[in-house]
Amino acid sequence: MGKLKIKIVIAGRTYPLSVNNTKEEEGMRKAATAINKLISTYEQNYAVSDKQDVLAMCALQFASKLEISTLEKGSENSETINRLKELTNLVNTHLK
């Protein structure tokens, strides 16, 4: 199966894209919808007239959410590793 050709509209501009499958298409369309909703929110709540400024604000929000999520996962992973080490030590103590 070849690549699917789709068109995505962001901030009133159409972007032709190629995707590998329908899941990727769905993801792209959902992302475009989220971006357009955020653009609308920024335009309604802030005095922003330049689309480039609005898109930059959107990019910052999405990127920061990703980074925060990554940091939180890293913190959770280290806590899990520490707990596993404690349990391992406890088990080893009782097996001796």
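Residue separation of residue 51 and residue 4 scaled by 0.36 nm, minus their Cα-Cα distance, works out to 14.1 nm of gained length. Taking the square roots of 5 times each eigenvalue of the Cα gyration tensor of the chain, largest first, gives ellipsoid semi-axes of 43, 22, 8 Å.
Listed here are the pairs 3/51; 7/65; 3/23; 5/30; which of them are more than 24 Å apart at the Cα? Going by Cα-Cα distance, 3/51; 7/65 fall outside the 24 Å limit. Taking amide H as placed 1.01 Å from N in the peptide plane, residue 10 has its amide H under 5 Å from the amide H of 15, each at least 5 places away in sequence or on another chain. Here the simple spin-label model places points 7 Å from the Cα toward Cβ, and for residue 23 and residue 73 these points are separated by 1.6 nm.
The packing ranking, built from the mean of other Cβ atoms within 10 Å per residue, places the peptides 78-87, 31-40 in the order 31-40, 78-87, highest first. All C-alpha to C-alpha distances of segment 28-75, sorted into 5 Å bins beginning at zero, yield P(r) values of 5, 21, 24, 21, 14, 9, 5, 1 percent in whole numbers.
For the chain, the longest principal axis of the alpha carbon atoms and the long axis of helix 51-95 meet at an angle near 10°.
Averaging the Cα positions of each part gives two centres, and for segment 1-60 and segment 68-93 these lie 38 Å apart. To put it simply, the accessible area of the chain at a 1.4 Å probe is 57 percent carbon and sulfur.
Only DSSP H runs of four or more residues enter the estimate; each adds -39500 (n - 2.57), and after division by the residues of the chain the mean residue ellipticity at 222 nm equals -26500 deg cm²/dmol. Summary value for the chain: 16 percent relative contact order, contacts being C-alpha pairs under 8 angstrom separated by 6+ residues.
The values are calculated or read from the model by the stated rules, or taken from the named source; none is laboratory data. Note that the coordinates shown come from a computational prediction; the quantities given were computed from them, not determined experimentally. FYI the Cβ positions are ideal-geometry reconstructions off the backbone, even for glycines, and counts take in every protein chain you see. With ligands, DNA and RNA removed, areas are computed over all heavy atoms of the protein, side chains included. Shrake-Rupley method; radii C 1.70, N 1.55, O 1.52, S 1.80 Å.
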